[in-house]
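The values are calculated or read from the model by the stated rules, or taken from the named source; none is laboratory data. Everything numeric in this text was worked out from a predicted model, so none of it was measured. When we count neighbours, we look across all protein chains shown, and the Cβ atoms used for this are built from the backbone with ideal geometry, even at glycine.
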Amino acid sequence: MEMLCNLRHKPLRMRHIMIMSAACAVLWGCTGGGAPLTQDEVNAFVTNHIESQVGYDAAVEPYIAGLSEEMKYFRAGQSEPMNADLSNVDGEWFYEDSVTVEVMDVQLYGAAASVMGVVHFYNFGEVGHRSFHGTVVRDADRIRWDRWFHQDHGQLARNYIPIDSEVDGAEALCNSMLWMSLQGDGNAAGALSDSLLEVDPTMAMAHVGQLWRAWFKSDAEAWNTHVKAAVEKATDPATKHYLMSHSDDYGDQVENARIAHNLAPDSPLNQVNLAWQLMGDDDAAARQLLERATERWSSLGGPHNLLGYLNMRQGDMEAAERCFKMYVRLAPEVANAHDSMGDFYAKQGDNENARACYEKALELDPGFTGSQKKLDELES
């Protein structure tokens, strides 16, 4: 099922390469304990250690071998560096497909070196990017990371739609709700919205989960009720225009979506919303927005889903299949992902696989009316 979704931001479900602090050796007092490093040695170690982080469980041993016992890491959003707990390393932190590293700068400090670069990671044909800055030391006869910091490029944007609430925990709950909305899980988003409206009934964005539950259940009355309630509560202009774009009661929906996007252009919520509104009228602009969203927020299912439908409408079935398969891999427990995959097979005339996908969607969510209707049509 085609979907429009939202997210303020959610860290990518990376196979989280453990990320360590960015400070150079001098700042951290990391002088190493061996002979001076050379640039070639540092380049080779950094490249080999990062590019070996594929294969899930197979990546654990070489990853740990490349870290010092005094490992410190730091991620965006932390208040201070943390000690690495290497007993907690899990194969799910790593990548299924290939990883490449581009070393941008190396500063040598005897047996230590400060390194900056970019990691390019590939999962299911999609690419993401992560800037890093770390410290490498020679520890006796081995070279290891001692500090590491990283920032995913998709998290660099700051022009998001704000989530305003004075209630403790409401922002985190809202982010979880928006994440599930963008994954196309209407039930989970709706349940989180229920909780959010209980703790902070004044929050306009709390209604987004209600909208997506209504959308997937084809409940127009609930949809209109929650759009109206949310618009009445909204005070931030970007939020208000985003919500107004969900009903023609507030003027031209595309124009409202465009205004919201102009006010908060880095919000995946606005990128996907505007793309959804443009599809069918300006497919080129919609594609540009969706491709940008899939690159910057590669673990979010919604943009891949819409891009799949856009490709399918334009007859590029190979690209559509990649998008829908990516959506299923990103959200295997979400009924809508399997429903969309079923639509692809149905378009191909592959009723057997289409039926299996619709049945899987109904297994995950017996109330998913779209899949039930399509399944009934296949059986008739």
Suppose the filter is buried (at least 23 other Cβ atoms within 10 Å of the Cβ) and in a helix (DSSP H, G or I); does ASN262 pass it?
no
Residue ID - modelled with the highest pLDDT, chosen from residues in the stretch 116-170 that are of a type in the set (Ser, Thr, Tyr) and farther than 30 Å from MET244 by Cβ
THR135
Filter pass, ALA337 being assigned by TED's automatic domain parsing to the domain that holds PHE216, surrounded by 14 or more Cβ atoms within 10 Å (Cβ to Cβ), of a type outside the set (D, E, K, R) and within 22 Å of LEU274 (Cα to Cα):
yes
How do the pairs read when you match residues in the stretch 213-227 that are on the phi > 0 side of the Ramachandran plot with residues anywhere that are surrounded by fewer than 18 Cβ atoms within 10 Å (Cβ to Cβ) and in a helix (DSSP H, G or I), using Cβ under 6 Å and keeping only pairs 6 or more apart or on different chains?
SER218/THR369
What are the pairs with Cβ atoms under 9 angstrom where one residue, in the stretch 163-186, is under 15 Å from GLU198 (Cα atoms) and the other, located anywhere, is of a type in the set (Asp, Glu)? Sequence gap at least six, or different chains.
SER165/GLU171; SER165/ASP200; GLU166/ASP200; VAL167/ASP200; ALA170/ASP200; GLU171/ASP164; LEU173/ASP200; CYS174/ASP200
Condition first: without any contact (Cβ under 8 Å) to a residue 60 or more places away in the chain and buried (at least 18 other Cβ atoms within 10 Å of the Cβ). Now tell me which residues in the stretch 280-302 satisfy that.
ALA286, ARG287, LEU289, LEU290, ALA293
Starting from residues that are among the small types (Gly, Ala, Ser) and within 23 Å of MET326 (Cα to Cα), keep the ones in the stretch 252-279 and report whichever is modelled with the highest pLDDT.
ALA275
Residues of the stretch 174-192 satisfying the condition of being surrounded by fewer than 20 Cβ atoms within 10 Å (Cβ to Cβ), modelled with pLDDT under 90 and not hydroxyl-bearing (Ser, Thr, Tyr):
ASN175
Report whether or not LEU211 is within 22 Å of ALA191 (Cα to Cα), under 18 Å from the mean Cα position of the chain (by Cα) and assigned to a helix (DSSP H, G or I).
no
Quick one: is TYR345 crowded, with 19+ Cβ neighbours inside 10 Å, at pLDDT below 95 and in the same structural domain as SER181 (by TED's automatic domain parsing)?
no
Across the stretch 97-115, which residue is modelled with the lowest pLDDT among those that are surrounded by 17 or more Cβ atoms within 10 Å (Cβ to Cβ) and either under 22 Å from the mean Cα position of the chain (by Cα) or within 30 Å of TYR327 (Cβ to Cβ) (or both)?
VAL99
Restricting the search to the stretch 282-316, which residues are farther than 15 Å from ALA257 by Cβ and either touching a Pro at 6+ places or on another chain (Cβ under 6 Å) or not assigned by TED's automatic domain parsing to the domain that holds PRO268 (or both)?
THR294, TRP297
Qualifying position, being part of a helix (DSSP H, G or I), surrounded by fewer than 20 Cβ atoms within 10 Å (Cβ to Cβ) and touching a residue at least 24 places away in the same chain (Cβ under 8 Å), among LEU310, LEU378:
LEU378
So for the stretch 210-218 (the condition being at pLDDT below 95, of a type in the set (Gly, Ala, Ser) and surrounded by fewer than 19 Cβ atoms within 10 Å (Cβ to Cβ)), does at least one residue qualify?
yes
When you look at LEU37, is it of a type outside the set (Ser, Thr, Tyr) and at pLDDT 85 or above, yes or no?
yes
Of the conditions (1) within 22 Å of ALA189 (Cα to Cα); (2) assigned to a loop (DSSP other than H, G, I, E, B), TYR327 satisfies every one except a single condition; which number is it?
(2)
Would you mind telling me which numbered condition in (1) crowded, with 21+ Cβ neighbours inside 10 Å; (2) on the phi > 0 side of the Ramachandran plot GLY251 fails?
(1)
